[in-house]
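Notes for the one structure printed next.
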Amino acid sequence: MDANNEWQTELEVKDLRFSYGKNMPSLKDVSLTVYKGQIVGLVGESGSGKSTLAKCITGLLKPAGGSISKNDAKMIFQDTFSSLNPSKTVGFHFEEVLRLSKIPKEQRKERIDRILRKTELEEDLLNHYPSELSGGQRQRVGIGMALLSEPTLLIADEPVSALDVTVQAQILKLLKKLRDENDLSLLFISHDLRTVYNLCDYVYVMKNGIIVEDGTIDEVYFNPKEDYTKILLSAALDD
Amino acid sequence: MLTVKDLRIEFFDHSLPEVAVTDVDFTLKEGEILGIVGESGSGKSLTAQAIAGLMKRKDAKVSGEIMFDGVNLLNSPRSVLRSFQGSKIGFVFQEPLSSLNPVVKVGWQVEDALRVHEKMTKEEMKQKALKALEDVSLDDPERIYNSYPHELSGGQRQRVMIAGAMIDRPKLLIADEPTTALDVTVQAQIITLLQKINKKYNTAILFISHDLSLVRKLCGSVLVMSDGFVVESGPCDEIFTNPKEEYTKKLIDSIPKVPDWKTRSTWERITDTK
């Protein structure tokens, strides 16, 4: 992180409220900040509201109250199989993203080449269908699609949970590299506290739609204040 | 109790025959917990399915020997397999929602093994089922008994699966990625539950997972598989502290670590997480 942009805000969420139905609040006054070039972890169990928050930020859901700063966030998902069209090639997926973001035809080839290099994918892969790829390759394609429109913020919703440990390690290395080389900010949603420790600079702990605790990785992991955080940590890390 | 010898599984559903499991050998004694780890496609689930007698497929050729209590399960007819399945060998799979019938109440499904293997009255079966549900630390077994699968949480559903697998007191419980779809806290609870069952009933457990940290928590010994081969095997502590094969080292290295976790985390543990 450069010294001069250390405190520039990439994303600011303030007092965000959302509910799926009457009397079912799933986000209660959630506030969260991501600084430029920062990797922020968002941890919590299923149903805690992590994914709902991500969907609000990217505009997939309309919040009931609060504010979200203007952003160009793109998302990558856990289940890459269901976010890719099984009857279209990888190349088609890339083209479509560029077409939708109104990139002129003559620039597309160059963009795709750059993304392939960034995500460490072979050019040959463009002619393949999702079913012909491994899980790790599919996730790289997902990351590539998200990066095609060159966003400054990436939201990753459990991007490695469905992958093998060795492949997980490769994808995490890739995300780190992307941050370092492109000054990308990342909101990393996960319930895997080991991964969050190794990837993130700052972490928010969420439970039942509320941020119960936040802090730098070292603060939260080695000096947690909330009982809930302690339970999560010992479940994941104690032998 | 269980001896697997030269197990080999080949598929003929493509133009080229594919060997998915090659010469797997191991033994499992009563009350032992053995972990099988490996990446997707390493053959760990197929090995478990073969032991469970679920590999009677026309496009697969299974050879070798699977001796369970003196019976070779591999060349036994279906009727013999049926007498083992559910009564001597219990199974738990990764996705409890797809193993449970969505339109049948949980209680009935937990009793399944008893209905097949034992001659019991309805009332006896219900009592056993309630006891089994209680055994897997489910609160209010009566309510769970009368629930449908979708009314339960992921953790509760997996406990129900374990209750069903354990109801006829099998000597071997095969758990194929039983915690993969669950939250970390619930994962830890299920591991504790498996340990409890193992101690209480001396049930041997074959635990299949790609999560090495869970295997380390639960298992006494471990089998590392890659591309259908057993790469390394031995006591859990030894494999984790002193792996000999490159592949095992790579697997262990890729577990994300929190250095000095034990010494640096001095805060007080909350033990009552059930």
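Nothing in this text is a laboratory measurement; each read-out follows from the coordinates by a stated rule. Quantities reported herein were computed from a predicted structural model and do not represent experimental measurements. Counting neighbours? That spans all protein chains shown, and the Cβs are built from the backbone with ideal geometry, glycine included.
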To the nearest 20 debye, what is the magnitude of the charge dipole of chain B about its Cα centre, counting +1 on the Cβ of each Lys and Arg and -1 on the Cβ of each Asp and Glu? 660 debye
Give me a single rounded figure for A:45-53: the average over its residues of other chain Cβ atoms within 10 Å of their Cβ. 2
If you take every DSSP beta bridge fully contained in chain A, what fraction is antiparallel? Give it as a percent rounded to 5. 50 percent
In which sequence would A:Y204, A:Y20 go, from the one with the fewest C-beta neighbours within 10 Å to the one with the most? A:Y20, A:Y204
I want to verify a result. In a Gaussian network model of chain B, Cα cutoff 10 Å, which of these has the top mean-square fluctuation: B:F240, B:F207, B:F12? B:F12
Arranged from highest to lowest average of other beta-carbon atoms within 10 Å per residue, in what order do the peptides A:225-235, A:128-138 appear? A:225-235, A:128-138
Here D for chain B, in µm²/s, from Stokes-Einstein with a Kirkwood Rh over Cα pairs at 20 °C and 1.002 mPa s, works out to 109 µm²/s
One would report the antiparallel percent of DSSP beta bridges in chain B, rounded to the nearest 5, as 55 percent
Would you mind checking which residues have amide H under 5 Å from B:A52's amide H? H placed 1.01 Å from N; only 5 or more apart, or other chain. none
Check: the stretch B:51-178 dipole with +1 on Lys, Arg Cβ and -1 on Asp, Glu Cβ, in debye: 560 debye
Total charge dipole magnitude, the protein assembly as shown, about the Cα centre, Cβ charges on Lys, Arg, Asp, Glu only, Debye to nearest 20: 1240 debye
Starting from the eigenvalues of the Cα gyration tensor, five times each then square-rooted, give me the equivalent ellipsoid semi-axes of chain A, largest first, whole Å. 30, 20, 18
How high is the relative contact order of chain B, in percent, counting Cα pairs under 8 Å that sit 6 or more residues apart? 25 percent
Can you put A:E123, B:E123, B:E32 in order, fewest other beta carbons within 10 Å first? B:E123, A:E123, B:E32
What is the angle, in °, between the Cα long axis of helix A:105-118 and the longest principal axis of the Cα atoms in chain A? Nearest 10 is fine, range 0 to 90. 60 degrees
Straight-line reach from A:K36: which lysines fall under 22 Å, measuring Cα to Cα and dropping same-chain residues less than 8 apart? A:K14, A:K50, A:K55, A:K70, A:K74, A:K118, A:K173, A:K176, A:K177
Within a 10 angstrom radius of each residue's Cβ in A:154-167, how many Cβ atoms of other chains show up on average? Whole number is fine. 3
To two decimal places, what compactness ratio does the protein assembly as shown give when its Cα radius of gyration is scaled by 2.2 N^0.38 Å? 1.05
Run through the DSSP bridge list for the stretch B:1-98 and note the antiparallel percent, rounded to the nearest 5. 95 percent
Fluctuation leader among B:E245, B:E232, B:E142 - chain B, Gaussian network, Cα springs under 10 angstrom: B:E245
What is the angle, in °, between the Cα long axis of helix A:135-147 and the longest principal axis of the Cα atoms in chain A? Nearest 10 is fine, range 0 to 90. 90 degrees
Ranking B:T263, B:P149, B:I36 by how far each Cα lies towards the positive end of the charge dipole of chain B (+1 on Lys and Arg Cβ, -1 on Asp and Glu Cβ), the top one is B:P149
Which of the lysines could a cross-linker bridge to B:K196, judged by Cα under 21 Å and excluding same-chain residues fewer than eight apart? B:K29, B:K88, B:K128, B:K131, B:K171, B:K217, B:K274
Shape of the stretch A:36-77, Cα gyration tensor, a/c cut at 1.5: oblate
Which of B:Q156, B:Q49, B:Q127 moves the most in a Gaussian network model of chain B with Cα springs under 10 Å? B:Q127
Could you give the angle, 0 to 90 degrees to the nearest 10, between helix A:90-100's Cα long axis and the longest principal axis of the Cα atoms of chain A? 70 degrees
Tally Lys and Arg at +1 and Asp and Glu at -1 over the other residues with C-beta under 13 Å from the C-beta of A:L60: what net charge comes out? +2
Enter the mean projected area of the convex hull around the alpha-carbon atoms of the stretch A:112-168, in nm², rounded to one decimal. 4.2 nm²
Which of B:V215, B:V110 has the fewest other C-beta atoms within 10 Å, and how do the rest follow up to the most? B:V215, B:V110
What 222 nm value per residue comes from the helices of chain A, counting each DSSP H run with n ≥ 4 as -39,500 (n - 2.57) and dividing by all residues, nearest 500 deg cm²/dmol? -11500 deg cm²/dmol
